[in-house]
Amino acid sequence: MDLKRLFHVLVVGGSVATGCERSRTGGLTAADAAETHDVGMPDSAAPDAPGAAEDAAASDVISMDVATMDLVAMDVAAMDVAATADAAGAADAAGAADAADGPAGNPCFCSPTKCCDLHEGAPATVQAGVFCCWGTKC
Amino acid sequence: MLSEDGRLVTAVWLMRERTEREARALFAGLAADLGALDVDPALRRMARQAAADEGRHARRCRALVGRFSGPTAPPAPLPPRPFQLGPPELPIARRALYASVALSCVTETLATALLLELRRLATDAAVRATLHEVLRDEVDHARLGWAHLAAVARTGTAGWLAPQVPAMLRAALGGQIAPVDAGAPDPDLSGYGLLPRADVFRVVRAVAAEVLFPGLERFGIDTAEARASLPS
């Protein structure tokens with residue numbers, strides 16, 4: 001298990017989550033996405049002060065307002081129905097996800113409600129430079 | 001599945017079903033508290049979504065119980081006690097932060113790591129699908145706590161939580177250990193979603209050291225007491 005990645009996904013990703021929404025963003029920054037060599041290192045070059053990472057994240061963002069967040073939630077609900085209806089299919093997806101946890105250095109920030117570009121009338125897509133790991137998808 | 005192992009598997013998924021229902025109630029309470037506070041509305045949305053997710057997780061766990069033990073009675077209602085975490089005298093803002101840290105930062109962060117390990121080892125297709133679905137949501141549930149903690153740390157202090165973390169850890173661990181005596185045989189049922197106790201502790205120690213404690217310290221919560229409280 002890549003614990004550095006887990007730190008970055010949960011702690012760093014979580015700490016910027018609301019800041020991103022407040023500034024009409026749906027994902028982490030390109031700078032975050034490019035931070036592939038030392039992501040999640042508590043003692044790395046990541047800012048020490050609380051909020052510093054959030055401030056950095058606010059600099060280069062992709063917009064997602066409340067309405068679009070709701071659209072994502074609907075997508076998630078639809079995914080849930082599909083997953084429940086077809087456990088075998090979901091198991092296959094889970095198996096595929098194991099193999100698709102992403103390259104070791106690849107940023108892995110995605111959750112069903114983050115890191116996605118939303119398109120009117122078309123399925124959401126993963127933001128450039130971000131990898132949906134652990135079975136998450138837009 | 002009628003063997004002793006089957007009974008243990010059933011008991012664990014029953015325990016998880018109950019834990020998920022309790023988590024649903026706790027996240028709903030957190031959402032209500034957050035609604036009464038001047039906090040980012042996104043936090044409240046995340047808590048409401050987490051409550052809904054946990055209800056769905058409980059149904060998935062119940063389905064596995066039925067798969068392993070045959071038709072089962074509907075789940076017993078939760079006891080009529082307030083689902084509220086932390087010392088009762090805490091003002092609402094601190095109570096909400098306590099709940100966020102206990103539920104999300106501690107419990108859901110450990111759960112995410114354990115689910116990653118469980119999903120890797122699961123061989124039963126239905127178990128694997130359930131673990132996959134739960135894992136997908138737990139990532140967001142953990143992030144709720146880190147988001148709340150980061151927001152508080154930006155304008156105030158969360159250091160008062162330091163003495164509370166050992167109890168949070170104990171509570172989180174209690175929900176992850178199969179309900180068997182410590183000296184009882186500890187069969188490897190990882191194919192059905194149960195890690196041996198030794199593996200649970202191994203994962204918890206690693207995640208606490210590399211993710212949980214550095215995360216808490218990042219936001220001003222001293223973890224010396226919590227580190228000392230972890231089982232060796």
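Each value in this text was obtained by applying a stated rule to the coordinates, not by laboratory testing. Quick caveat, the model's predicted, so the values are computed rather than measured. Positions of Cβ are backbone-derived with ideal geometry, glycine not excepted, and every protein chain shown enters the neighbour counts.
Overview of values
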item	result
Nearest-20 debye value, chain B charge dipole, Cβ charges on Lys, Arg, Asp, Glu	440 debye
Estimated FRET transfer efficiency when R0 is 30 angstrom, pair B:A171-A:T125 (beta carbons, to 0.05)	0.15
Orientation-averaged projected area, Cα convex hull of the stretch B:4-140 (nm²)	8.8 nm²
Stretch gain in nm, segment B:T155-B:E4, where the contour uses 0.36 nm per residue and the Cα spacing is subtracted	49.0 nm
Shielding score for B:121-132, defined as the mean number of other chain Cβ atoms within 10 Å	5
Number of partner chain Cβ atoms within 10 Å, mean per residue of B:206-216	5
Relative exposure of B:S3, B:S100, B:S232, B:S69, judged by other C-beta atoms within 10 Å (fewest first)	B:S232, B:S3, B:S69, B:S100
Spin-label model distance (nm) - B:A125 vs B:R94, 7 Å beyond Cα toward Cβ	5.3 nm
Under-5 Å amide H pairs with A:D117, H placed in peptide plane, nonlocal only	A:T125, A:V126, A:Q127
Kyte-Doolittle mean at least 0.0, axial Cα span of 30 Å or more - DSSP H helices of chain B	B:125-155
Average beta-carbon neighbours from other chains, 10 Å sphere, peptide B:109-120	3
A:M1 paired with B:E225, simple spin-label distance in nm, labels 7 Å along Cα-to-beta-carbon	2.6 nm
